[in-house]
Amino acid sequence: MPEQSDLELLVQNVVDYAIFMLDPRGHIVSWNAGAERIKGWTAGEIVGRHFSALYPPADVAAGKPARELEVAVAEGRLEDEGWRVRKDGTRFWANVIITALRDDQGRLRGFGKVTRDLTERRAVERALDERGRLLAHLVHAQEMERRRIAWDVHDDTIQSMVAVGMRLQLLATRLTGEHQAAVTRLNDTVDAAVGRLRNLTFRLHPPGIDSTGLVEGLTRYLDQVVSGDGLTYELTHDLAAEPPPETSITIFRICQEALTNVRKHARARAVTVRLASAEQGVHVWVNDDGHGFEHAGENDPEPGHFGLIEMRERAEIAGGWCAVRGNPGEGATVEFWVPAVSRGEP
Amino acid sequence: MSDPVTVLVADDEPLIREVLAEVLEAEPGLTVVAVAADAGEAAELAELHRPAVAVLDVRMPGGGAWAAREIRRRSPATRVVAFSAYGDSASVDEMRQAGVTTYLLKGLPNTAIVAAVRRAATG
Ligand SMILES: Nc1ncnc2c1ncn2[C@@H]1O[C@H](COP(=O)(O)OP(=O)(O)OP(=O)(O)O)[C@@H](O)[C@H]1O
Ligand SMILES: [Mg+2]
């Protein structure tokens, strides 16, 4: 039938839509040019695999792919918008329609899946809408508050405690025996508390965060915090323009968290930070050559550990994504993308 | 016995400048000749007393760096020691450019502060 082969030709060659079929159990049975363009796999690489390979690990763990098929079976079709994974591990914001395909007798033959990549469109829309404005405002307000708290603690609380410590040491020199020992212990307690408060202010308001540019700020942070201790760093970027302030803050804060982890956990010798303009946003990698994650990081956050969760939340609130990987012995990578669209002042 | 080493203390935080003066005064061979609460006062008192060492807060009204420059101009023999709550490279560089060679972080043990002041006086 010529009509059918024309249709096949069309499906096969459309590049703006990923159009492909799944068998009733969810294995990929066909793959068009659009699917290869959007998702990165060739037909040879992906046909035969289960379509959950296209979902972020957290969604797979939550049973999302299977649930989507169930809905499509029950209701005939399912439409969804969300993050999907490309072959290279990056993500794209997808509009997905899954249609249950039945034969004349109503038996399920499989599913048709049509996917569009809306990453850039969503980035632009969200930057311009009310939500984007609110987000920018919130990010800014949070930074101001953190800075104020850090300065208050630094200029007031810490100074007073330092003075108390100095006075206790002075007092100790004038005492003897058990009194001297007691006062010395008191001084040690004050001293330790000062150390903890310094760490707090440092985290709240790290060096570099007030810099005028993102790259300059990260460089200052890396110079001061990361280099030394046998750890070297490399920072590369291809940013043509400074991202909007709230985007820069989000990127800085996620990098800060990732770099804190590198220093604290990785036992690495080198760390690489890479920033690249991509899809109306900024794509960032923080990669170390340490011992990697002991357990599959992002899916089962451990209680009492907030760094990985915070990185992901920050990226997602900004309309982006964040993924963490690193098998034992291979070092760890935190990779994220956040939209960077200037709103322009009204 | 040689003459005691004369010291000027400048800090806008009263708790700090009082205890710092007491700590230094309690040391044999050191005597605190002046205590200032801001940069302008520090420069004036340095010119008046020509201390061997001036211990300056970095963030005080008028600026620790300004005070350091003024003291070096008005009392060239005075050695300047910075005493700061901030250890970031920008603050340290700023003081270094103002001619300060010793930078002490607040929170160091008193013994380390005293030792640094003595070193500055002889160095
Ligand atoms: N770069 C890394 N290399 C090796 N292991 C890492 C790395 N980053 C994180 N981890 C591991 O993942 C765990 C969770 O990290 P996360 O940042 O969530 O918590 P934390 O650093 O332990 O505590 P918090 O960030 O809340 O102070 C860490 O305890 C550590 O075991
Ligand atoms: Mg952490």
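The values are calculated or read from the model by the stated rules, or taken from the named source; none is laboratory data. Worth saying up front: this structure is predicted, and the values here are computed from it rather than measured. Counting neighbours? That spans all protein chains shown, and the Cβs are built from the backbone with ideal geometry, glycine included.
Remarks
- Scanning the range A:218-235 turns up one or more residues that are away from every other protein chain (no Cβ under 14 Å), more than 13 Å from ligand 1 (Cβ to nearest atom) and part of a helix (DSSP H, G or I).
- Listed by position, the helices (runs of 4 or more DSSP H) inside the range A:96-188 whose residues that are of a type in the set (S, T, N, Q) number at least 2 are A:159-174.
- The conditions of being under 26 Å from A:H205 (Cα atoms), within 14 Å of chain A (Cβ to nearest Cβ) and in a loop (DSSP other than H, G, I, E, B) are not met by B:P28.
- Residues in the range A:20-32 that are out of contact with any Ser or Thr (no Cβ under 8 Å at 6 or more places or on another chain), part of a strand (DSSP E or B) and of a type in the set (A, V, I, L, M, F, W, C): 2 in all.
- Taking (1) of a type in the set (D, E, K, R); (2) free of Cβ contacts under 8 Å to residues at least 24 places away in the same chain; (3) buried (at least 16 other Cβ atoms within 10 Å of the Cβ) in turn, A:R146 satisfies each apart from (2).
Here is a yes/no grid of residues against (1) at pLDDT 95 or above; (2) closer than 23 Å to A:A318 by Cα:
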site	(1), (2)
A:L54	yes, yes
A:E79	yes, no
A:R84	yes, yes
A:T90	no, yes
A:A94	yes, yes
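- For the range A:272-306, the set of residues classified as at pLDDT 90 or above and either within 14 Å of chain B (Cβ to nearest Cβ) or within 14 Å of ligand 2 (Cβ to nearest atom) (or both) consists of A:V286, A:D288, A:G290, listed by residue number.
- Qualifying positions in the range A:251-295 - among the β-branched types (V, I, T) and near ligand 1 (Cβ under 9 Å from one of its atoms): A:T260, A:V262, A:V271, A:V286
- Only one of the listed residues (B:A121, B:A39) is more than 14 Å from chain A (Cβ to nearest Cβ), crowded, with 16+ Cβ neighbours inside 10 Å, over 23 Å from A:N187 (Cβ atoms) and modelled with pLDDT of 95 or more. That residue is B:A39.
- Within the range B:72-101, the residues that satisfy the criterion of being within 14 Å of another protein chain (Cβ to nearest Cβ) and among the hydroxyl-bearing types (S, T, Y) are B:S84, B:Y86, B:S89, B:S91.
- Whichever residue in the range B:105-118 is within 20 Å of B:A52 (Cβ to Cβ) and either surrounded by 18 or more Cβ atoms within 10 Å (Cβ to Cβ) or basic (K, R) (or both) and, among such residues, is farthest from the other protein chains (Cβ to nearest Cβ): B:R118
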